[in-house]
Each structure stands twice: as C-alpha cells, then as structure tokens.
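A.B. asks: Encoded as structure tokens, here's the structure I'll be asking about.
The values are calculated or read from the model by the stated rules, or taken from the named source; none is laboratory data. Since we're looking at a predicted model, the values are computed, not measured. Cβ placement follows ideal geometry from the backbone for every residue including glycine, while neighbour counts extend to all protein chains displayed.
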Amino acid sequence: MARSKYNPQRQRESRKSARFQQNGEADWEAWLDELLQEVELAPPGSTPLEQAQALIYQAWHEPDRSRRLELARQALDRSPDCADAWVVLAEEAEEVAEALRCYREGVAAGERVLPPALFEQDCGCFWQIPEARPYLRARVGLAQCLWLLGEQEAALEHFWELLRLDASDHLRVRYLLLEALLIRNDLKALRRLIDMYPDDESAAWCYSRALVLYRSEGNTLAARQALREARLANPHVPDYLLGRKKLPRPLPEYIEPGSEEEAVDYVSVALPYWKNTPGALSWLRQQMARVRCR
C-alpha cells in the first residue's frame, strides 16, 4: 500500500483475491457456490435497484472493458443507488482521483439503501446481509484510494470500521490494514490487529505476528514462539526473506496454504518491512541456524 501511481488492474486483482481467499486459503468451490446463490436475473416486477444489480452481475463476467462500463452506466440509469455499479466504474478508472470519486458515490449509494439502525444492530455480521455487500466493497475501495492519495488517517478509519462491521473480514481488509500499520510502525495498533485474528494461519499473518512481536519486544520468548508457529505454517518463507532463494518472475498466480508459492507471494510484499526493522533479518537468521543445529 505504499503511495504509488494508481493501477486499476491491481485494484481489480485485489478485489478478486479478496473474494477467492479467506484466511489465506483459496476456496474456489465455496466462492462459486456463493456466487450462484447471489447472482440471478432480475425477476418480473423487480425494483429498479434489483434490475441494476442484475446488470452488474453481467458486468462482472464481461471480459470486454467497454462493455463492462456500458453495463455499469446502464445500471446507474436504472438506479443511482447501485453501489456496485460505482465500484465497477472505479475499478475501470485510469486515475486515482476519478476512482476516489466513484467509490465515494458508491459508499453514499450503499448508505442510502441500508437502514441507519443496521449499522449498530447487525454490526459485525454485515456480510451476512446481501444488500450490505456492495456498500462494503465500495468502502474498501474508498479506503485504498485515500491511502494512495496520502490521506492515511481517513483510510485507517475506514479500515477499522470495515472490520467492525464485518468481523469475519470476508474482503480481507485486515491485510490492507496490517500493511498500512507496518508502514506507519504503529506498534500498539499492530498488536491490537494481530490479536483480533488469532486463528489466521496464513503465512502473511503468522510471519507478520512474529515481526510485530520482534519490533515491539525484541528477542523474547513470545517472539520466538510466534516465529516457530510461522515456520510450521510455511517453512519456505525464511529462505526467501534471507535471500537464499530468489523471488521468481512472474509471481505465482495460484497459492496453496503452506506452499512455496505462498511464501513467494508473502515475501514479495513483506520483505521491505523486514529489512526496515533493525535487526529483524539477523534475528531470523540466528533462529534458523539454531533450528538446523538441533
């Protein structure tokens, strides 16, 4: 999430990854089952919003960019409250400022559809409400755009609120927030976030937990235990972090938990955070040497 030129293709890939994976695992069958349950043609007598959403389901499966844009605009003609239509337009935007505008419109559209009381009554389980999912998708995109534009505090507020609304984190917001907090070196917030998902066994989460503990405590028993648990989750990561193996190009497209591909995917993002943590790579090297001597 380092500040960079807006890349709409990366935005689309990020949303695809969020749908296809949960807790670091690619669950294609579950995603397809859920999609088939959610996607349906607008029935006769459906509301304008339902008709608009049906057009967006078509847009998601449309390979041609111009056709996707056309379907999104048609959806907005049917109902300006179709948040997912604004998300499609944002994902296809060529500049981050335009994407930001579309995501803002999407969030506003989502808020118009949802009863205000819902934000407190169903807090924590928003994803279980199909009408709330477009709102969540728009708000994730808004937070990412704000971060890219340097509005870090506003972005962080959105990330935390998204985790409050969807405690199970179906859109993998915690990984975006984790990276943002590592950049800011906010150790208190990092510890809070790490503790919120103790059952996440992905390489990204386990090795980040070890790194956060080392940053805040140094070479403590808790940090060493976290590193041992991370190695159990994925033993391939240290070789790439320590430069014993070079990261391949291109990066892997499909990832299995505990695999070398997962290690490559994690290190391709996280290596700068290890390098920028004084003593972290030396500590990792020492701990790995002790493992080999046993």
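A.B. asks: Quick check on Ser216: is it assigned by TED's automatic domain parsing to the domain that holds Arg290 and within 17 Å of the chain's Cα centre (by Cα)?
C.D. replies: Taking the combined requirement at face value, the residue does not satisfy it.
A.B. asks: Just need a number here: residues in the range 197-245 that are part of a helix (DSSP H, G or I), touching a residue at least 12 places away in the same chain (Cβ under 8 Å) and among the charged types (D, E, K, R).
C.D. replies: Within the range 197-245, residues that are part of a helix (DSSP H, G or I), touching a residue at least 12 places away in the same chain (Cβ under 8 Å) and among the charged types (D, E, K, R) number 6.
A.B. asks: Turning to a different aspect of this structure: Sort out which residues of the range 248-269 are under 17 Å from the mean Cα position of the chain (by Cα), part of a helix (DSSP H, G or I) and farther than 19 Å from Ile183 by Cβ, and write them in order of number.
C.D. replies: Glu262, the sole residue that qualifies.
A.B. asks: Could you tell me which numbered condition Tyr103 fails, if it satisfies all but one of (1) part of a helix (DSSP H, G or I); (2) surrounded by fewer than 19 Cβ atoms within 10 Å (Cβ to Cβ)?
C.D. replies: In the conditions (1) part of a helix (DSSP H, G or I); (2) surrounded by fewer than 19 Cβ atoms within 10 Å (Cβ to Cβ), Tyr103 misses (2) alone.
A.B. asks: Of all helices (runs of 4 or more DSSP H) completely enclosed by the range 45-100, which ones contain at least 1 residues that are over 20 Å from the mean Cα position of the chain (by Cα) and surrounded by fewer than 20 Cβ atoms within 10 Å (Cβ to Cβ)?
C.D. replies: Correct list: 48-60, 65-78.
A.B. asks: Additional query: From the list Arg164, Arg137, Arg172, Arg192, pick out the single residue that is within 30 Å of Leu271 (Cα to Cα), charged (D, E, K, R) and outside the structural domain of Asp81 (by TED's automatic domain parsing).
C.D. replies: Arg192
A.B. asks: Quick one: would you say Pro272 is in the same structural domain as Arg215 (by TED's automatic domain parsing) and either in a helix (DSSP H, G or I) or within 21 Å of Arg184 (Cα to Cα) (or both)?
C.D. replies: In short, yes.
A.B. asks: Residues to consider are Arg104, Arg112, Arg78; find the one that is of a type in the set (Lys, Arg), under 20 Å from Ala155 (Cα atoms) and touching a residue at least 24 places away in the same chain (Cβ under 8 Å).
C.D. replies: Testing whether each residue is of a type in the set (Lys, Arg), under 20 Å from Ala155 (Cα atoms) and touching a residue at least 24 places away in the same chain (Cβ under 8 Å) leaves just Arg104.
A.B. asks: I would also like to ask the following. Given the residues Leu187, Leu178, which is the only one that is free of Cβ contacts under 8 Å to residues at least 40 places away in the same chain, crowded, with 23+ Cβ neighbours inside 10 Å, among the aliphatic types (A, V, I, L, M) and under 26 Å from Met288 (Cβ atoms)?
C.D. replies: None of the other options fit; the residue is Leu178.
A.B. asks: Quick one: how many residues across the range 158-175 are in a helix (DSSP H, G or I) and either closer than 14 Å to Leu193 by Cβ or touching a residue at least 60 places away in the same chain (Cβ under 8 Å) (or both)?
C.D. replies: Residues that pass the stated criteria total 9.
A.B. asks: Moving on to the next point. Find all pairs meeting these conditions: Cβ atoms under 6 angstrom apart; at least six residues apart or on different chains; first residue within the range 266-294 and in contact (Cβ under 8 Å) with a residue 60 or more places away in the chain; second residue of a type in the set (Lys, Arg) and in a helix (DSSP H, G or I).
C.D. replies: Thr277/Arg215
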